[in-house]
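Below: one structure, written as structure tokens.
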Amino acid sequence: MLQMISVPLASVLVAPYGVLSGDGQLEEVLAERLRSGQGNAPDIWHLSPDQLEPTLKAELQQRGVDLGTDHAAKELLLSTTPHLLVWLQLRFGGDLYEHLPLRQGTGYRSSTNGPSSVLMEADSDQGVVEK
């Protein structure tokens, strides 16, 4: 299923696949964020390499984001809250790209695997939905 991200400005944390989501710590951090009421708004998305639609991948690469190659795939966190990604970068590592303009309706493939199952996602037809 294709989900849509409708944010005009976003920050992106990029790391080799597994660095952010490999040991379950990211899922726990984000689940705690939801439980504590800090994650009430759809302000963060986790995207594995297979969830990147070609249009989103091309748009990020045009803005200087290094998404790796097919042999060295990378995962990313996309957020409208830059300070959240700064904190996650300190915790997990990776490369941070701040304040990137994105076209409205940028899409990605949704998945029920991994940390994205606890994140809020924007659905193009139904507004904001929680996965």
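The values are calculated or read from the model by the stated rules, or taken from the named source; none is laboratory data. Here the structure is a predicted model, which is why all the values come from computation and not from measurement. Ideal geometry is used to build each Cβ from the backbone, glycine not excepted, and the neighbour counts take in all protein chains shown.
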Residues of the stretch 10-25 being at positive phi and at pLDDT below 85, in sequence order, are none
Residue by residue through the stretch 26-52, note down the ones that are at pLDDT 85 or above, of a type in the set (A, V, I, L, M) and part of a strand (DSSP E or B).
-> Leu47
Those residues of the stretch 43-77 that are under 20 Å from Glu98 (Cα atoms) and either among the hydrophobic types (A, V, I, L, M, F, W, C) or touching a Lys or Arg at 6+ places or on another chain (Cβ under 6 Å) (or both) come to a total of 12
Of the residues in the stretch 87-105, those that are in contact with a strand residue (DSSP E or B) (Cβ under 7 Å, 6 or more places away or on another chain) and within 14 Å of Val29 (Cα to Cα) come to Leu88, Gln89, Phe92
Are there any pairs with C-beta distances below 8 angstrom linking a residue in the stretch 65-84 that is assigned to a helix (DSSP H, G or I) to a residue that is of a type in the set (A, V, I, L, M), with the two at least 6 apart or on different chains, and if so which?
-> Leu84/Ile44
